[in-house]
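Everything on this sheet refers to the single structure shown next.
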Amino acid sequence: MNIDILSAEQLEQLQDLLAQAQNILVCCHKSPDGDALGSSLAWSAYLRGLGKQVTVAVPDAFPDFLRWQPDVEKIIRYDRHPEEIDKALKEANLICCLDFNAPERLDSMQEAFEKSTAKRILFDHHLEPQLDAVVSVSRPELSSTSEIVFRVLWQMGEFEKMDKKIASTIYSGMMCDTGGFTYNSSRPEIFFIICQLLTKGIDKDKIYRKVFNNYSQWAIRLRGYLMSQKLNYLEDYHASYYTLTRDDMRNFHYVRGDQEGLVNEPLRIKGAKLSISLREDDRHDNTVWVSLRSVDDFPCNEMAARFFNGGGHLNASGGHLNCSMEEAENITRQAIIAYGDLLKKK
């Protein structure tokens, strides 16, 4: 099966860039998810195998359930060590941008990133890239940036060098960005890639348990509370939303990642087409983070752009609102009503 992803020119440029660079910085977006972390860890492990000096930088915290991954202790958070990453950006010959399409997604790290004169490589699967790079691999139709990393390594003839550590982080990233291969994962190439990763000795069942079955008792209590007490289901529109406030977080000892994937749960309701999560920022007033999930052809990305200052993929998108939770609920209801024709359609 042909899974090549680079043009002949891109392949040559990428190989030249890697040959010339010695100090490389790998970075991903704010609030890194499983794909951002998995692709970054896999690519950085490969680069270290080439003898490169590699720094992996993330803007801020990532979920606790991703801390099992190999080399995760080598990741440096910008919100905790800005001077160290600023220095790495100044000294870098090459910056590898994984799983983000615009500098703004680096949050407080953006200014130092834009000051760097290093050449850039972009591996990403989000729509409308706005980031200049010598080699830009932007493929929104693919499941994940981790899939892109695998395809690039395969095309470069580096699969034999791939060890279990790299394979496990690629698999984790692909799995996280497809909800355990339950959406955006119907192309046969995905399962060809999984077959190849399994030859490296990964335990896919164990990886699943580490990611999806790794919550504290308080996280389970919170998830039950949100579904039983905070879920609003608009039956005529086959749509739902729920809210997570700072009071809820305090009451249930919330840590980053405790509600990861929960926005998919209401889609298990018979006939449901759209689910929306509204979460108050745990540090800043009047900021509400929005996650949207849908099934079939309902355009989450359009709704996110139109109502929630965001965007993303057809069935999985996000955004934010600068308002109170009450106002956010009103906007959410307006959004659902505005798309009523699509949501009511059988």
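The values are calculated or read from the model by the stated rules, or taken from the named source; none is laboratory data. None of these values were measured; they are calculated from a predicted model. Here the Cβ positions follow ideal geometry from the backbone for every residue, glycine too, while neighbour counts run over all protein chains shown. All accessible areas refer to the heavy atoms of the entire protein, side chains included, with ligands and DNA or RNA removed. Shrake-Rupley method; radii C 1.70, N 1.55, O 1.52, S 1.80 Å.
List of remarks:
- Candidate aspartates and glutamates - alpha carbon under 18 Å from Lys345, same-chain residues fewer than 8 apart omitted: Glu235, Asp236, Asp296, Asp297, Glu302
- Average accessible surface area per residue within the range 1-85, 1.4 Å rolling probe, Å²: 40
- Estimated FRET transfer efficiency when R0 is 45 angstrom, pair Asp236-Ala102 (beta carbons, to 0.05): 0.75
- Taking the C-alpha atoms only, the angle from helix 164-176 to the longest principal axis of the chain is near 30 degrees.
- The range 60-81 versus the range 228-290: alpha-carbon centroid distance in Å: 25
- Note on the range 83-134: Kirkwood hydrodynamic radius from all Cα pairs is 11.3 Å, rounded to one decimal.
- Per residue, the convex hull spanned by the Cα atoms of the range 1-110 measures out at 122 cubic angstrom.
- Charged-residue dipole, Cβ positions (Lys, Arg, Asp, Glu), the range 132-204 about Cα centre, Debye nearest 20: 180
- Checking the cross-link pairs Lys74/Lys206; Lys87/Lys119; Lys210/Lys270; Lys206/Lys270 against a 20 Å limit on the alpha carbon distance flags Lys74/Lys206; Lys210/Lys270; Lys206/Lys270 as lying beyond it.
- Neighbourhood net charge (13 Å Cβ-Cβ; Lys/Arg +1, Asp/Glu -1) for Glu91: +1
- Largest to smallest in accessible area, the residues Ser216, Ser228 fall in the order Ser228, Ser216 (1.4 Å probe, all protein chains included).
- Between the range 85-104 and the range 136-201, the alpha-carbon center distance in angstrom: 23
- Extension gain (nm, one decimal) between Asp203 and Gln20, 0.36 nm per residue minus Cα-Cα: 62.3 nm
- Summarised in one figure, the compactness ratio Rg/Rh of the chain, Cα atoms and Kirkwood Rh, is 0.96.
- Trypsin sites (Lys or Arg not before Pro) lying in DSSP loop within the range 230-328, provided at most 14 other Cβ fall within 10 Å: Lys270, Arg283
- Within the chain, percent of DSSP bridges classed antiparallel, to nearest 5: 40
- In terms of accessible area, using a 1.4 Å probe and ignoring ligands and nucleic acids, Arg80, Arg67 rank largest first as Arg80, Arg67.
- The convex hull built on the alpha-carbon positions of the range 117-202 has an orientation-averaged projected area of 6.3 nm².
- The aspartates and glutamates whose alpha-carbon is closer than 19 Å to the alpha-carbon of Lys115, local same-chain residues fewer than 8 away aside, are Asp79, Glu83, Glu84, Asp86, Glu91, Glu104, Asp107, Asp132.
- Computed from Cα positions, the angle between helix 82-91 and the longest principal axis of the chain comes to roughly 40 degrees.
- Set of lysines near Lys204 by C-alpha distance (under 16 Å), chain-local residues within fewer than 8 positions excluded: Lys164, Lys165
- The sum of -39500 (n - 2.57) across all DSSP H runs of n ≥ 4, divided by the residue count of the chain, sets its helix-only mean residue ellipticity at 222 nm to -11000 deg cm²/dmol.
- Residue of Asp236, Asp203, Asp79 that the Gaussian network model of the chain assigns the largest fluctuation, springs spanning Cα pairs under 10 Å: Asp236
- Degrees between helix 188-198 axis and first principal axis of the chain (Cα, 0 to 90, nearest 10): 60
- Measuring only protein heavy atoms, the 1.4 Å probe finds His126 accessible over about 30 Å².
- Gyration tensor (Cα) of the range 267-346, equivalent ellipsoid semi-axes in angstrom: 22, 12, 11
- Inter-label distance for Glu84 and Asn286, nm, one decimal - labels placed 7 Å from Cα along Cα-to-Cβ: 3.6
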